[in-house]
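The values are calculated or read from the model by the stated rules, or taken from the named source; none is laboratory data. Owing to the predicted nature of the structure, the values given are computational and were not obtained by experimental measurement. Ideal geometry is used to build each Cβ from the backbone, glycine not excepted, and the neighbour counts take in all protein chains shown. To get the accessible areas, we keep the full protein, side chains included, count just its heavy atoms, and leave off ligands, DNA and RNA. Shrake-Rupley method; radii C 1.70, N 1.55, O 1.52, S 1.80 Å.
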Amino acid sequence: MTVTLRHDVGTTRRPAIDMTTTLGPLTVPDPVFTASGCAAAGQELAPFNDLREIGGVVTKSINSIGLQGPGVDVFITRDLGWLEEHEVRAVVSIAGSSVDDYTKIANKLRGKPLAMIEVNISCPNVDDRNQVFACDRNAAAAVVAAVRRAAPPTVPVFAKLSPDVTDIVSIAKACVDAGATGLSLINTTLGMVIDTRTMRPALAGVTGGLSGPAIRPLALRCVWQVHEALPEVPLFGIGGIRTGADAFQFILAGASAVQVGTVIFHDPGAPSRISRELRDVLAARGLKSLQQAIGLAHREPEFVIPEDPEPLGAEADVVVPDDPAGSDSPEDPASADSPSAFFTDGPAHPDEVFDIAAEDA
Amino acid sequence: MACGVGVCMTCVLPVIGSDGNTRMVRSCVDGPVFAGDRIRWDALGSVPADAIGVTT
């Protein structure tokens, strides 16, 4: 396998854009974080990214079962210790199979070096016929309230929601009412593959979490809906982000920060690259700060969008025709296209993959 | 194997360490070569209950 080290690329041009963002009481200098389950606990990505410069690392979910992870105590001493020593902001993702599980883990995190707790509620609740917490507003609220009570009072608590619900806004409201500082949108959506050779489900668990570019429009819709309903609540946009322009879409929809996950599997330097690309995209749109762009797609622009000197290259994957009313302008290829042009990708990464990864739990 | 750098956890397998304890290790960064008699062949594709770091 060929690995390209990216940390020395793209440093020649660095437009002066204020990338600072706030997530409740937490202020970070950059809005790009790694997504849970896609960066282990950060160390492995250090050769490919300056982890101090990005927003932070969201660790793989820890719970009292451990799964492939090393267990909570080892995680706290070894992994959180490493992140603190290297001045990397740590967002600790926690999971559980009962409200009590979540409380126990949140209690263990008291006094530990972490910037935020992200509550992964896409887990089956053993006390309620294995119904997923994230799919029931009462169960979701119970977990969030329990974690909020147990967690250090100054540490923001974000709830990570599942898109596999009828009305994500009602779950979002329930979590915020229960004390969530903010929300992470979205977790993977449930999918499956059948192996046509064995004629059986390909995954041992039958279903798995679908991630990657396929879920980006779904994730973006969730961010849009929740920001519209709860404009004061800070949001992480998560789902299929591969480029700075992808991240920009989530910011415009109302996310204060983003997390990148699946893309790391084929480009471990993606977090830093996407941060640089997002900065360039903001500059190309005449924006002076990230803050200016948050939720901007919900409002009529109050400024003149500068002439686009050239398309944003591989990152420009949403084509906005100059004249949406549809006058036939042959010099604008976008308006001549079918409506599907709004959703098709531009020059895609040749190695684009749609992954079904193991459930992030 | 998805990532090859140790973050995706798709290549983990149960391997017995020199201390006699089983750990879930990543074949991409902890391997790729293991002594055959250290691998828990019977438990491939699962997480054995006695694996270190796996508490219940």
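So if each residue of separation counts as 0.36 nm, and I subtract the Cα-Cα distance between A:K288 and A:T196, what length gain in nm does that give?
Taking 0.36 nm per residue and subtracting the Cα distance, the gain is 27.9 nm.
Can you give me the orientation-averaged projected area of the convex hull built on the Cα atoms of chain B, in nm²?
Here the figure is 4.0 nm², rounded to one decimal.
Let me spell out the model: positive unit charges on the Cβ of Lys and Arg, negative unit charges on the Cβ of Asp and Glu, origin at the Cα centre of region A:214-305. What dipole size does that give, in debye rounded to 20?
200 debye
On the principal axes of its Cα set, how long, how wide and how thick is region A:7-166? Give whole Å, largest value first.
56, 35, 27
Could you work out the Kirkwood radius for region A:11-53, taking every pair of different alpha carbons, averaging 1/r and inverting it, reported in Å?
Taking the inverse mean of 1/r over all distinct Cα pairs, region A:11-53 comes out at 12.4 Å.
Can you give me the P(r) profile for region A:144-255? Cα pairs, bins 10 angstrom wide beginning at 0, each as a whole percent.
14, 38, 29, 15, 4, 0
Using Cα pairs closer than 8 Å and at least 6 residues apart in sequence, work out the relative contact order for chain B, in percent.
Relative contact order, chain B: 36 percent.
Restricting things to Cα coordinates, could you compute the convex hull volume per residue of region A:238-297 in Å³?
64 Å³
With the crude spin-label approximation of a point 7 Å out along Cα→Cβ, what separation in nm comes out for A:E232 versus A:R78?
Label at A:E232, label at A:R78, 4.4 nm between them.
Note down the net charge around A:R89, summing +1 for each Lys or Arg and -1 for each Asp or Glu among other residues with Cβ under 11 Å from its Cβ.
Summing Lys/Arg as +1 and Asp/Glu as -1 gives -3.
When the chain is fully extended, how far beyond the present Cα-Cα distance does A:A46 get from A:N138, taking 0.36 nm per residue of separation?
29.2 nm
Rounded to the nearest 0.05, what FRET efficiency is calculated for B:D30 and A:E300 with R0 set to 56 Å and r the Cβ-Cβ distance?
That gives a FRET efficiency of 0.55.
Which value, in Å² and to the nearest 10, is the accessible area of A:D164 when all protein chains are kept and the probe is 1.4 Å?
Result for A:D164: roughly 60 Å² accessible.
Name the lysines eligible as straight-distance cross-link partners of A:K60: C-alpha to C-alpha under 18 Å, and not fewer than 8 places from it in the same chain.
A:K104, A:K108, A:K112, A:K160
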